[in-house]
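Here the structure is laid out as structure tokens; the discussion comes afterwards.
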Amino acid sequence: MTSSPSRSNGARKSLVNGVIDSDRPGIARKSSNPLLPSFMVSAPGKVIVYGEHAVVYGKAAIAAAISLRSYLHVTFLSKSKRTVRLIFPDIGLDQSWNIDDLPWKVFSAPGKKKNYTDRVTSLDQDLLDSLQPHIISVSASKPEATRKLHQNSATTFLYLFLSLGSIKSPPCIYTLRSTIPIGAGLGSSATISVCLSAALLLQIRALSGPHDDQPSEESQIQIDRINHWAYVGELCIHGSPSGVDNTVSAGGKAVLFRRLDYNKPPSVIPLREFPELPLLLVNTRQSRSTSAQVGRVAKFREEKPKIANHILDSVHEVTMDAHRMLTSEDFDPEDPQTLENLGELISVNHGLLVALRMSHPRLERIRELIDHAGIGWTKLTGAGGGGCAITLLKPSALVETPSSIPNGTTKPTHSKSSSTSKATQRARSGSLALQNMQSQLSSENYEIFSTTLGGDGVGVLWPAVLHNNSGEEGGEEIDQEKFLNAVGNDGIERLVGVQQTSSYSREGSEAVREGWKFWRP
């Protein structure tokens, strides 16, 4: 690695020439078992803003990062431990392996060993087979759905760990927490792959930065490297992923995605000027099968090809209209008319998906309440049939008013927050119409997230120490115990120091996450 993430003097131990001295900072001493400071990696979820389902048929789609994120905490153990442990409390997974027992010989055999610069586009069956003795016992007594989820997660971790590491890899604990609802079409699995990929590449010193003055081209190289290995993780989980989820999670902002030939890589065009906008995300809690929804479109297209193809072509045109607007020289996210134009395209896209019969009564209930309140533009996101809806909020919905209800008592909104950006803070309180709408949705068992669209991609906190608000050295160390004991999304975000203003706010865009660094092309 040409340079490593900056280390804060606020860490309880100092690192000098690779050796820790916990008693005398800055003074080197020899040690047989040095312990490196804990560090953290974070990656965002994603939503499809325009183009779902049409993208399956070679049309374009725009996907953007959201401020709901996954967080990976890496704790180094004494060299004598010789174990690696994966803890994922969100899904109830806690599994350890003896490093020396893992199939290093298979992964390092001629023709099998990969360099971190290699681009891997498919899984090696021999490598997968060698992992099976170490996977089959994972959650063996759990119900089938849980067992499959745990074993897929373990396979992803071990495949990346053995591909990028060596038998000399340090014993560590990898702890994952997420503020993203799992199985809701928000790319939660991709965020995990991105976090693991970045952490392992950092540990073998295969990344430079991130730092504030890093050239754009160099930042892009690091993002691409993380993204390539995150795609390998997605292969372990999904078999044949599109690659859009991990691409957005690694790079942040948004992309225009299109796959004309499934035998070739997709076209992925980054939209670096995509604005950060306040977004209301509502989870219907209605389960659905992505494959079943895709199959319904295929059947509709088979039965009524002309109608279906006209609808899919129209979805594509909506996406391309949005792309032309977002990339035009006179694009101004602060202009109310520009926001309205983007919002109207969101509404049109939803109507076309309804025509494809991809909606659900619980999704339509969200749209009904939003439209009645007049606070934004709503569409389903992802496969439909349940899952989530997104609402691009109108500026009038973000005008702060007291959280009161008609009888005069004060009642907090039930939204589950995702960040403390100013745009998000306004969405948390916002207008009385927004508050009432959130209360109504909560009473009907919807899950509400006030989030931001189009933020940063993968980020690093090294060491896992928050800087003081004043910018002075020193701060609170985030240890594994604190990380595991953080309660809910709010607890996780308070602990990790997630703060960010939004370019939608009149104050302008300025990342103020304490100590976190991001690769920004």
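Could you order Glu302, Glu317 so the one with the most accessible surface comes first? Probe is 1.4 Å. Write out the running numbers ahead of the final one.
Details: Glu302 150, Glu317 95 Å².
The most accessible residue leads, giving Glu302, Glu317.
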### Message
Taking 29 Å as the cut-off for C-alpha to C-alpha distance, list the pairs among Lys299/Lys394; Lys379/Lys482; Lys394/Lys482; Lys46/Lys168; Lys253/Lys394; Lys79/Lys113 that go past it.
### Response
Lys299/Lys394; Lys379/Lys482; Lys394/Lys482; Lys46/Lys168
### Query
Could you give the accessible area per residue of the range 159-220, probe 1.4 Å, as a whole number in Å²?
28 Å²
### Summary
Rounded to two decimals, the Debye log10 I(q)/I(0) of the range 247-334 (Cα scatterers, no solvent) at q = 0.17, 0.22 Å⁻¹ is -1.10, -1.27
### Query
How do 74-83, 45-54 rank on mean C-beta neighbours within 10 Å, highest first?
45-54, 74-83
### Query
In the range 32-148, if every C-alpha pair distance is counted and binned at 10 Å from zero, what percent goes to each bin?
10, 22, 35, 26, 6, 1
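Of all DSSP beta bridges located in the range 39-268, what percent are antiparallel, nearest 5? Please report the intermediate quantities before stating the final value.
Numbers: 30 of 34 bridges.
In the range 39-268, approximately 90 percent of DSSP beta bridges are antiparallel ones.
For the range 39-268, which whole-number percentage of the solvent-accessible area (1.4 Å probe, protein heavy atoms only) is attributable to carbon and sulfur atoms?
Details: 4330 of 8560 Å².
Whole-percent figure for carbon plus sulfur exposure: 51.
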## Note on the structure
Residue by residue through the range 286-301, the couplings from Karplus 6.51 cos²θ - 1.76 cosθ + 1.60 with θ = phi - 60°, in Hz, x for Gly and Pro, are 9, 5, 7, 9, 4, 4, 5, 5, 4, x, 5, 5, 4, 5, 4, 5
## Note on the structure
To the nearest 0.05, the calculated FRET efficiency linking Lys105 and Leu432 through their beta-carbon distance, R0 being 56 Å, is 0.25
### Task
Might you work out the accessible area of Ser289 for me, using a 1.4 Å probe with all protein chains in place, and round it to the nearest 10 Å²?
50 Å²
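Provide Lys264, Lys113 ordered by accessible surface of protein heavy atoms (probe 1.4 Å), highest first.
Ranking Lys264, Lys113 by accessible area, largest first, yields Lys264, Lys113.
Using a 10 Å cut-off on Cβ atoms, rank the peptides 376-384, 389-397 from the highest mean neighbour count down.
Working: 376-384: 25.6, 389-397: 23.0.
The packing order, highest mean first, is 376-384, 389-397.
Could you work out the relative contact order of the range 39-268? I mean the mean sequence separation of Cα pairs under 8 Å and 6+ apart, divided by the number of residues, in percent.
Values: 401 pairs, mean separation 73.0, N = 230.
Reported relative contact order: 32 percent.
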### Task
Work out the FRET efficiency for Asp126 and Ser396 from their Cβ-Cβ distance, taking R0 = 45 Å, and round it to the nearest 0.05.
0.15
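For Asp479 and Arg205, what is the calculated FRET efficiency with R₀ set at 22 Å and r taken between the beta-carbons, to the nearest 0.05?
Numbers: r = 24 Å, r/R0 = 1.08.
E between Asp479 and Arg205, to the nearest 0.05, is 0.40.
Given a 1.4 Å probe and heavy atoms of the protein chains only, how would you sort Tyr71, Tyr262, Tyr231, largest accessible area at the top? Present the calculation step by step, with values, prior to reporting the outcome.
Values: Tyr71 0, Tyr262 140, Tyr231 55 Å².
Result, largest first: Tyr262, Tyr231, Tyr71.
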### Principal axis box of the range 39-268, alpha-carbon based, largest edge first, Å
50, 46, 36
### Query
What distance in nm separates the simple spin-label points at Ser328 and Arg494, each placed 7 Å from Cα in the Cβ direction?
4.5 nm
### Task
In nm, give the distance between the simple-model label positions of Arg119 and Glu273, each being 7 Å from the Cα along the Cα-to-Cβ direction.
2.7 nm
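The values are calculated or read from the model by the stated rules, or taken from the named source; none is laboratory data. As the structure is a computational prediction, the values presented were derived from the model and not from experiment. In this analysis, Cβ positions are derived from the backbone assuming ideal geometry, glycine residues included, and neighbour counts consider all displayed protein chains. Side chains included, ligands, DNA and RNA excluded: accessible areas come from the protein's heavy atoms. Shrake-Rupley method; radii C 1.70, N 1.55, O 1.52, S 1.80 Å.
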